[in-house]
Amino acid sequence: MRTQHPFLAEGPRVGIRHFTPGDAEEFTTLAASSRALHGPWLAPPTGPEAYAAYAGRLLTDPARHGFLVCERDGGAIAGFININNVVEGAFLSGALGYGAFAPAAGRGLMTEGLALVTRHAFTTLGLHRLEANIQPANEASLKLVRRAGFRLEGYSPDFLFIDGAWRDHERWALTKEMTDRAAGAR
């Protein structure tokens with residue numbers, strides 16, 4: 001039986017919560033069965049030791065915040081959204097990393113989860129800016145940030161070392177002011 005954990009924020013279909021050590025089996029099973037969906041864009045941990053190291057960094061490093069996107073009905077993990085490289089001071093920014101798991105892909109759950117994480121980042125965490133760096137051929141990821149209101153800000157050649165090579169990325173960003181303006185327009 002799945003242990004229900006309290007959500008930090010909830011939408012109609014999903015809630016977000018922090019990673020826990022007890023999520024290792026479900027997370028790694030989903031990551032392993034979602035390799036075709038993730039490759040070559042990302043490689044979430046597929047074994048218990050790798051998960052322990054990964055979740056441990058998210059739980060202890062103040063420059064990282066990890067969130068599981070879980071279905072409200074039953075609590076199944078749909079995906080994950082991490083805010084990495086958080087810089088405070090005048091910058092108040094973080095870089096997003098995320099992925100859906102195969103059972104949730106194409107169902108809009110990550111769109112709802114990203115909206116919850118964005119709201120949490122701009123309110124509870126007090127951030128001003130979130131950035132997503134995406135390989136140009138990663139169409140699903142580009143669609144996700146467009147739906148979330150991110151703007152394209154530039155192109156970074158040889159930006160991140162992924163899948164054995166330095167990969168070009170598009171830089172997409174969202175600021176608190178952008179979300180405030182969008183909310184005011186509704």
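The values are calculated or read from the model by the stated rules, or taken from the named source; none is laboratory data. These figures come from a predicted structure and were not determined experimentally. Cβ placement follows ideal geometry from the backbone for every residue including glycine, while neighbour counts extend to all protein chains displayed.
Quick notes on this structure:
- Residue in the range 63-74 that is out of contact with any Cys (no Cβ under 8 Å at 6 or more places or on another chain), surrounded by fewer than 17 Cβ atoms within 10 Å (Cβ to Cβ), aliphatic (A, V, I, L, M) and within 23 Å of N133 (Cα to Cα) present: yes
- Exactly one residue out of P21, P44, P6 is more than 30 Å from W166 (Cα to Cα) and in contact with a helix residue (DSSP H, G or I) (Cβ under 7 Å, 6 or more places away or on another chain), and it is P21.
- Residue match in the range 156-168 (condition: surrounded by fewer than 13 Cβ atoms within 10 Å (Cβ to Cβ), among the charged types (D, E, K, R), over 23 Å from R72 (Cα atoms) and in contact with a strand residue (DSSP E or B) (Cβ under 6 Å, 6 or more places away or on another chain)): yes
- For the range 11-26, a residue qualifies if it is out of contact with any strand residue (DSSP E or B) (no Cβ under 6 Å at 6 or more places or on another chain) and assigned to a helix (DSSP H, G or I), and the qualifying residues are P21, G22, D23, A24, E25.
- Only one of A52, A63 that is of a type outside the set (V, I, T), outside any strand (DSSP E or B), free of Cβ contacts under 8 Å to residues at least 40 places away in the same chain and touching a Pro at 6+ places or on another chain (Cβ under 8 Å): A52
- I134, sole failed condition from (1) farther than 16 Å from P40 by Cβ; (2) crowded, with 19+ Cβ neighbours inside 10 Å; (3) aliphatic (A, V, I, L, M): (1)
- P6 satisfies every condition listed in (1) at pLDDT below 95; (2) in a helix (DSSP H, G or I) except (2).
- Considering residues of the range 152-170 that are among the aliphatic types (A, V, I, L, M) and within 16 Å of L42 (Cβ to Cβ) only, the residue farthest from the chain's Cα centre (by Cα): A165
- Residue in the range 79-97 that is among the polar types (S, T, N, Q), out of contact with any helix residue (DSSP H, G or I) (no Cβ under 7 Å at 6 or more places or on another chain), surrounded by 15 or more Cβ atoms within 10 Å (Cβ to Cβ) and free of Cβ contacts under 8 Å to residues at least 24 places away in the same chain present: yes
- Considering residues of the range 1-32 that are of a type in the set (S, T, Y) and under 9 Å from T46 (Cα atoms) only, the residue surrounded by the fewest Cβ atoms within 10 Å (Cβ to Cβ): T29
- Residue selected from the range 157-186 under the condition aromatic (F, W, Y) and in contact (Cβ under 8 Å) with a residue 24 or more places away in the chain, by the criterion nearest to E131 (Cα to Cα): W172
- First in the range 126-141 and under 16 Å from N82 (Cβ atoms), second anywhere and of a type outside the set (K, R) and in a loop (DSSP other than H, G, I, E, B), Cβ under 6 Å, 6 or more apart: L127/L92
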